[in-house]
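Enquirer: The structure's right below; bear with me while I get my questions together.
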Amino acid sequence: AHVRCRNFMDEVRTFEHSTLKVPYEGLNKTFRGAQKVIDRELSHVLSAASEATTSSKDSNAKVDDVVNALDIAIQKLASLKRKADECMDDEKVCVRCLRMRLDHLKSFASGQLTKEASVAWKKKRIDRMIVDHFLRSGLYNTAIAIAKNSEIEELVDVELFLVAQKVEAGLRNHDTQPCLTWCHENRSKLKKLKSSLEFRVHLQNFIELVRAEKRMEAIRYARKFFSFAEESHMKEVQVAMALLAFRPGTSCKKYGRLFSDSRWTDLIKLFHQENYALHQLNGQSLLSVTLQAGLSSLKTSYPFPTI
């Protein structure tokens, strides 16, 4: 039993890291977001309560003013309770997902499954690998259909990739707002990863303003977003600012490359990298890695000469 448990833990580290890590990171993000919301709402309650207290102690205050101050405090308390309930519901969803995945892994680790149940469990693992591969390949509808048919919706990260799909679609349509929103929501984690994605998105917005002959607007944009650029980005900022002296179609290769539409494809690739890093996902799908390992381990029929 000890050997089986050890072997299974090796499998978990190899195959199931993202199965648990993604919902855990989701719970962590939800908790941190809830903490900010509760702190903000609590400060509103304390402020309203302080005003109500001050108003009630004022001998010259009118009854209507005191009642109004109390009503505002009650409204703030109701808002705090509503937001707290919403945050609790969001956390419960994350916890339920994490618990279902843990229970799914524990059912196999227990060693108490029948042979048929063990085969079915392994079939679900393969289905999860296929869904993950299709999601990474952009085949979202196919992945969702397989997940639903195999009843593994809670065991795969469809929502994670659907969010990524919106960002990717925006970048393909030269719309950076979904990507900037994503960067804002994950700013603290991206900062720890030393991500350059947000900077490069702002750089692309600057280039598009120059392309549209909106040079003054481009300068204002640069002052707003490039003034506090990191030292490692200063050379790129300097080159970009020189772009103000050029037009699209310039024969100068150094600056002509900045007007290339291929930069949008580069942004999409960078977003994928940062999204995977943020959730500690491998760059390749587990299906691809497993398939490559399996093919490499197959015995070849090629006849080697006898030495």
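The values are calculated or read from the model by the stated rules, or taken from the named source; none is laboratory data. What you are looking at is a predicted structure, and each value in this text was computed from that prediction instead of being measured. Every residue, glycine among them, receives a Cβ derived from its backbone with ideal geometry; neighbour counts consider all protein chains shown. Surface accessibility is based on the protein's heavy atoms, side chains included, excluding ligands, DNA and RNA. Shrake-Rupley method; radii C 1.70, N 1.55, O 1.52, S 1.80 Å.
Enquirer: Could you check L70 against (1) within 30 Å of V289 (Cα to Cα); (2) at pLDDT below 95; (3) not β-branched (V, I, T) and say which number it fails?
Expert: Status for L70: all satisfied but (1).
Enquirer: Right, another one. Only one of T19, T30 is modelled with pLDDT of 90 or more, part of a helix (DSSP H, G or I), β-branched (V, I, T) and touching a helix residue (DSSP H, G or I) at 6+ places or on another chain (Cβ under 7 Å). Can you tell me which?
Expert: T30
Enquirer: Among the residues of segment 195-204, is there at least one that is hydrophobic (A, V, I, L, M, F, W, C), more than 24 Å from the chain's Cα centre (by Cα) and at pLDDT 90 or above?
Expert: No, that holds for no residue.
Enquirer: Let me ask you something else. Of these, D89, D132, D127, which one is in a helix (DSSP H, G or I) and surrounded by fewer than 12 Cβ atoms within 10 Å (Cβ to Cβ)? Lay out the reasoning, then the answer.
Expert: Values: D132 fails: surrounded by fewer than 12 Cβ atoms within 10 Å (Cβ to Cβ); D127 fails: surrounded by fewer than 12 Cβ atoms within 10 Å (Cβ to Cβ).
When all the criteria are applied, what remains is D89.
Enquirer: Report yes if L270 is crowded, with 16+ Cβ neighbours inside 10 Å, out of contact with any Cys (no Cβ under 7 Å at 6 or more places or on another chain), aliphatic (A, V, I, L, M) and within 30 Å of D132 (Cβ to Cβ), otherwise no.
Expert: On the way: crowded, with 16+ Cβ neighbours inside 10 Å: yes; out of contact with any Cys (no Cβ under 7 Å at 6 or more places or on another chain): yes; aliphatic (A, V, I, L, M): yes; within 30 Å of D132 (Cβ to Cβ): yes.
In short, yes.
Enquirer: Another question about this same structure. For segment 57-66, which positions are part of a helix (DSSP H, G or I) and surrounded by 13 or more Cβ atoms within 10 Å (Cβ to Cβ)?
Expert: Within segment 57-66, the first condition is being part of a helix (DSSP H, G or I), and the residues that meet it are 57, 63-66.
D65, V66 - these are the residues of segment 57-66 that are part of a helix (DSSP H, G or I) and surrounded by 13 or more Cβ atoms within 10 Å (Cβ to Cβ).
Enquirer: Considering each of A218, A293, A240 in turn, give the residue that is free of Cβ contacts under 8 Å to residues at least 60 places away in the same chain, assigned to a helix (DSSP H, G or I) and loosely packed, with under 13 Cβ neighbours inside 10 Å.
Expert: Answer to the check: A293.
Enquirer: Please go through segment 147-175 and pick out each residue that is surrounded by 17 or more Cβ atoms within 10 Å (Cβ to Cβ), without any contact (Cβ under 8 Å) to a residue 60 or more places away in the chain and out of contact with any Pro (no Cβ under 9 Å at 6 or more places or on another chain).
Expert: A147, S150, I152, V156, V158, F161
Enquirer: I need every pair where a residue in segment 179-201 that is open to solvent by 70 Å² or more (accessible area, probe 1.4 Å) has its Cβ under 6 Å from the Cβ of a residue that is hydrophobic (A, V, I, L, M, F, W, C) and assigned to a helix (DSSP H, G or I), sequence separation at least 6 or different chains.
Expert: Note: pairs meeting the criteria are L193/A277.
Enquirer: In addition: So for segment 197-214 (the condition being within 30 Å of C94 (Cα to Cα) and not aliphatic (A, V, I, L, M)), does at least one residue qualify?
Expert: Yes, that holds for at least one residue.
Enquirer: Between L27, L77, L20, L70, which is surrounded by 15 or more Cβ atoms within 10 Å (Cβ to Cβ) and in contact (Cβ under 8 Å) with a residue 40 or more places away in the chain?
Expert: Being surrounded by 15 or more Cβ atoms within 10 Å (Cβ to Cβ) and in contact (Cβ under 8 Å) with a residue 40 or more places away in the chain holds for just one of L27, L77, L20, L70, which is L27.
Enquirer: Of the residues in segment 273-290, how many are closer than 17 Å to L197 by Cα and touching a residue at least 40 places away in the same chain (Cβ under 8 Å)?
Expert: Total satisfying the criteria: 6.
Enquirer: Looking only at residues in segment 145-156 that are more than 19 Å from the chain's Cα centre (by Cα) and assigned to a helix (DSSP H, G or I), which one is farthest from E274 (Cα to Cα)?
Expert: Step by step, filter segment 145-156, then rank; the result is N149.
Enquirer: Continuing with this model, one more query. From the list G249, G283, which residue is over 30 Å from A143 (Cα atoms), in a loop (DSSP other than H, G, I, E, B), of a type in the set (G, A, S) and modelled with pLDDT under 90?
Expert: G249
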